1. Taking the options A140, A157, A165, name whichever one is out of contact with any Ser or Thr (no Cβ under 8 Å at 6 or more places or on another chain), more than 16 Å from ligand 2 (Cβ to nearest atom) and modelled with pLDDT under 95.
2. Could we say that P52 is open to solvent by 50 Å² or more (accessible area, probe 1.4 Å), closer than 24 Å to A22 by Cβ and over 28 Å from the mean Cα position of the chain (by Cα) here?
3. Restricting to the range 348-377, give me the number of residues that are open to solvent by 80 Å² or more (accessible area, probe 1.4 Å) and in a helix (DSSP H, G or I).
4. Looking for whichever is hydroxyl-bearing (S, T, Y) and modelled with pLDDT under 85 here; the options are S323, S329, S342, S296. Which one fits?
5. How do the pairs read when you match residues in the range 229-248 that are aromatic (F, W, Y) and open to solvent by 60 Å² or more (accessible area, probe 1.4 Å) with residues anywhere that are part of a helix (DSSP H, G or I) and more than 10 Å from ligand 2 (Cβ to nearest atom), using Cβ under 9 Å and keeping only pairs 6 or more apart or on different chains?
6. Are any residues in the range 228-264 under 30 Å from V320 (Cβ atoms), among the β-branched types (V, I, T) and more than 14 Å from the chain's Cα centre (by Cα), and if so, which ones?
7. Which one is nearest to G204 (Cα to Cα) among residues in the range 108-129 that are more than 9 Å from ligand 1 (Cβ to nearest atom) and under 17 Å from the mean Cα position of the chain (by Cα)?
8. Working only within the range 180-202, note down all residues that are of a type in the set (A, V, I, L, M, F, W, C), within 12 Å of ligand 1 (Cβ to nearest atom) and either part of a loop (DSSP other than H, G, I, E, B) or under 10 Å from the mean Cα position of the chain (by Cα) (or both).
Amino acid sequence: MDPLPPVPVGPLVVAALPEGSASVRLSLIIPTYNEAKNVVTLLTALESLLGPVLGESFELIVVDDDSPDGTAAVVTNLLPTHPRVRLLHRRNERGLSSAVIRGWQVARGEILGVMDADLQHPVEANLKLLSEMDRGADLAAASRHVEGGGVSDWSAARRVLSRGAQLLGLLLLPGVLSRLSDPMSGYFMVRRDAIAGVVMNPLGYKILIEVVGRGRIRWIGEAGYVFRERVEGESKVTGALYWQYFAHLIRLRWATLPASRLFRFCVVGGTGVVVDMGLLFLLSDPKTLGLGLTRSKIIAAETAILTNFLLNDAWTFGDVARSLPGLKSKLRRFVGYNVICSAGVALNVVLLNLLFNFAHMNRYLANAVSIVAVTFWNYGMNKKLNWAPVKTDSMLPRPPSGRP
Ligand code: GDD
Ligand code: MN
């Protein structure tokens with residue numbers, strides 16, 4: 001019996017499977033909070049469903065947040081006789097979405113799945129999701145809103161709330177929610193490669209939106225399922241979850257706004273302008289040291305490049321930089337940044353002199369105009385060459401199998 005895996009800490013990032021490591025086809029995460037009465041029924045149903053299809057190439061990882069009802073103890077008792085089952089017992093962290101990602105972090109699967117523990121999700125839908133993944137989908141989601149889908153006995157109020165939440169999401173994040181017929185679904189599978197190295201930062205329950213919003217998800221497959229009524233235990237959904245959902249949409253909106261990285265780059269660039277201008281004044285202004293314009297400009301620009309690099313590496317491209325750890329790779333990025341920005345400085349000096357000497361523009365206005373022009377050069381080249389996300393085989397073109 002495997003000893004209990006240590007609970008991962010730090011950023012919510014799923015690593016790619018190390019070359020040649022013992023992997024399995026599917027790792028299914030089952031987040032639990034007070035599901036002692038449901039979890040055994042679910043695990044045994046899953047074993048008898050997946051065993052004939054996947055043999056030993058699957059694992060069921062229960063992630064329990066120290067449930068007061070003793071769910072972790074119930075699962076621990078199962079471990080000796082259920083080799084496919086693993087338990088992650090969290091004591092210092094709480095929350096459905098983070099529980100799922102922590103489970104994926106210890107998983108050995110090429111395909112990472114999640115479903116609820118309270119038997120409201122019928123286990124059979126897993127086979128439909130698996131066949132969508134086999135057909136080439138990057139992500140397969142179980143949906144209540146496609147053929148074969150539905151909810152068993154929902155009050156009108158709950159239907160309005162669920163559809164209302166979906167509508168709000170479509171308003172704020174159309175690019176993400178329009179790709180799914182049931183974006184609220186907590187039942188799906190994703191190809192590990194499509195999220196490897198991506199820093200996730202979910203809030204509340206909606207892990208599917210987080211994965212589609214931040215992951216490299218090209219092809220989405222869907223399968224209908226009927227969401228059943230809960231028999232044992234209670235739903236953990238509270239009013240606070242709806243606020244968390246709203247805050248999550250805002251956070252994802254900001255993170256996925258293509259402009260948001262450019263915006264951050266410009267903010268950093270702005271601090272560089274302050275450093276650049278400040279030093280240009282201190283070095284070249286007749287009232288201060290009165291050194292030569294070009295020499296002062298080069299010193300000012302080089303200092304600004306250094307401060308800008310540190311800020312861009314930590315903030316603007318922080319997510320990519322964190323997936324490229326180590327001083328060596330940071331130094332490589334600094335050299336690359338220097339080369340690109342130095343070319344930018346040369347472009348800046350040429351533009352500055354053209355505008356100052358030929359267009360007779362005020363020296364500081366000319367400097368500002370050329371800095372803006374060069375910012376776009378710097379941003380484009382650095383994003384493309386210096387902070388390019390780690391390439392994985394999920395970036396290779398795939399045959400379309402489901403929703404775009
Ligand atoms: N580890 C952990 N930590 N698990 C949790 C936590 C937590 O803080 N909160 C809830 N869970 C587990 C529950 O034990 C259950 O297995 C699953 O997450 C879903 O929780 P429920 O409270 O039963 O959610 P629901 O049935 O109201 O909502 C479900 O259906 C919705 C509609 O599809 C969830 O799947 C939602 O994500 C989904 O939107
Ligand atoms: Mn439930």
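The values are calculated or read from the model by the stated rules, or taken from the named source; none is laboratory data. What you see is a predicted model; the values in this text were computed from it and never measured. Because the Cβ atoms are built from the backbone with ideal geometry, glycine has one as well, and the counts that use them run over all protein chains shown. Side chains included, ligands, DNA and RNA excluded: accessible areas come from the protein's heavy atoms. Shrake-Rupley method; radii C 1.70, N 1.55, O 1.52, S 1.80 Å.
1. Details: A140 fails: modelled with pLDDT under 95; A165 fails: more than 16 Å from ligand 2 (Cβ to nearest atom).
Step by step, each of A140, A157, A165 is checked, and only A157 is out of contact with any Ser or Thr (no Cβ under 8 Å at 6 or more places or on another chain), more than 16 Å from ligand 2 (Cβ to nearest atom) and modelled with pLDDT under 95.
2. Working: open to solvent by 50 Å² or more (accessible area, probe 1.4 Å): yes; closer than 24 Å to A22 by Cβ: yes; over 28 Å from the mean Cα position of the chain (by Cα): yes.
Against the criterion (open to solvent by 50 Å² or more (accessible area, probe 1.4 Å), closer than 24 Å to A22 by Cβ and over 28 Å from the mean Cα position of the chain (by Cα)), P52 qualifies.
3. Of the residues in the range 348-377, the ones open to solvent by 80 Å² or more (accessible area, probe 1.4 Å) are 350, 354, 358, 360, 362-365, 372, 376-377.
If we keep only those that are in a helix (DSSP H, G or I) too, we end up with 350, 354, 358, 363-365, 372, 376-377.
Counting residues in the range 348-377 that are open to solvent by 80 Å² or more (accessible area, probe 1.4 Å) and in a helix (DSSP H, G or I) gives 9.
4. Working: S329 fails: modelled with pLDDT under 85; S342 fails: modelled with pLDDT under 85; S296 fails: modelled with pLDDT under 85.
Exactly one of S323, S329, S342, S296 is hydroxyl-bearing (S, T, Y) and modelled with pLDDT under 85, namely S323.
5. Y242/L161; Y242/A165; F246/A165; F246/L168; F246/L172
6. Of the residues in the range 228-264, the ones under 30 Å from V320 (Cβ atoms) are 244-264.
Filter once more, so that each one left must be among the β-branched types (V, I, T): 250, 256.
I250 - this is the single residue of the range 228-264 that is under 30 Å from V320 (Cβ atoms), among the β-branched types (V, I, T) and more than 14 Å from the chain's Cα centre (by Cα).
7. G113
8. Residues of the range 180-202 of a type in the set (A, V, I, L, M, F, W, C): 180, 184, 188-190, 194-196, 198-200.
Next, from what is left, pick out any that are within 12 Å of ligand 1 (Cβ to nearest atom): 180, 184, 188.
Listed by number, the residues that qualify are L180, M184.
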